[in-house]
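Scroll down for the structure; my scribbles are underneath it.
The values are calculated or read from the model by the stated rules, or taken from the named source; none is laboratory data. Since we're looking at a predicted model, the values are computed, not measured. Ideal geometry is used to build each Cβ from the backbone, glycine not excepted, and the neighbour counts take in all protein chains shown. Each accessible area value is taken on the protein alone, full model and side chains, heavy atoms only, with ligands, DNA and RNA left out. Shrake-Rupley method; radii C 1.70, N 1.55, O 1.52, S 1.80 Å.
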Amino acid sequence: QVHLVESGGGLVQAGGSLRLSCAASGRTFDNYAMAMGWFRQAPGKGREFVAAISRLYGDRTHSADSVKGRFTISRDNAKNTLFLQLSSLKPEDTAIYYCASKGGYYPGDYVATQPQEYDYWGQGTQVTVSS
């Protein structure tokens with residue numbers, strides 16, 4: 001079992017920045033071997049893909065078009081932590097942000113972009129961007 005805890009959310013003005021963290025615990029020995037991702041959910045909307053990173057050294061990443069060039073996903077395996085750097089924030093970025101990890105076996109460069117591909121989820125952290 002993997003336990004994920006997000007932090008770093010908050011209220012920020014449009015154009016500002018935040019750094020989200022996702023600390024993994026539980027099967028920490030295997031965490032480096034898991035592909036991970038960030039999703040978000042705004043009020044009244046479904047869960048939306050934000051960014052994903054491959055397992056091991058995170059050599060491959062993929063971001064949604066809506067955040068490309070503004071958000072950056074990264075991982076620090078030594079700290080069992082996933083990050084999402086949010087820059088040039090817009091009011092439409094307001095949502096609860098969730099991190100997720102994917103168990104199982106798959107190629108080292110695989111990035112998972114669909115929520116149903118993930119096995120473990122955090123509780124989420126709220127990001128609110130004011131105009």
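Per residue, how large is the accessible surface of the chain? Use a 1.4 angstrom probe and give square angstrom. Walk me through the numbers on the way to the answer.
Values: 6650 Å² over 131 residues.
With all protein chains present, the chain gives 51 Å² per residue.
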Subject >> Net charge contributed by nearby residues that have their C-beta within less than 14 Å of residue 58 (K/R +1, D/E -1) >> reply: +2
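Quick one: if the Förster radius is 35 Å, what FRET efficiency do residue 131 and residue 74 give, using the C-beta to C-beta distance and rounding to 0.05? Write out the running numbers ahead of the final one.
Working: r = 28 Å, r/R0 = 0.81.
My answer for the efficiency is 0.80.
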Original post:
Which lysines have a Cα less than 25 Å from the Cα of residue 79, not counting those fewer than 8 places away in the same chain?
Top reply: 102
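Quick one: dipole size for the chain, taken about the Cα centre, charges +1 on Lys/Arg Cβ and -1 on Asp/Glu Cβ, in debye to the nearest 20.
Values: 13 positive and 11 negative charges, 28 e Å.
That gives the chain a dipole magnitude of about 140 debye.
Using alpha carbon coordinates only, what is the Rg to Rh ratio of the stretch 1-77, with Rh defined as the Kirkwood radius? Walk me through the numbers before you get to the answer.
Working: Rg = 13.5 Å, Rh = 13.9 Å.
Value, to two decimals: 0.97.
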Original post:
For the chain, which whole percent of the accessible surface, found with a 1.4 angstrom probe, sits on carbon and sulfur atoms?
Top reply: 48 percent
Subject >> Charge dipole (debye, nearest 20) of the stretch 1-74; +1 at Cβ of Lys and Arg, -1 at Cβ of Asp and Glu >> reply: 100 debye
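Please report the orientation-averaged projected area of the chain, defined via the convex hull of its C-alpha atoms, in nm². Don't skip to the answer; put the middle values down first.
Working: hull surface 28.6 nm².
Over every viewing direction, the Cα hull of the chain projects on average to 7.2 nm².
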Subject >> Spacing of the two label points (7 Å from each Cα toward its C-beta) at residue 119 and residue 105, in nm >> reply: 1.2 nm
Original post:
Among 56, 74, 33, whose Cα lies farthest out toward the positive end of the dipole of the stretch 1-74, if unit charges sit on the beta carbon of Lys, Arg (+1) and Asp, Glu (-1)?
Top reply: 74
Subject >> Inter-site label distance for residue 1 and residue 57 at 7 Å from Cα along Cβ, in nm >> reply: 3.4 nm
**OP:** Find which of 131, 4, 110 sits farthest along the positive direction of the dipole of the chain, computed with +1 on the beta-carbon of Lys and Arg, -1 on that of Asp and Glu, about the Cα centre.
**Re:** 131
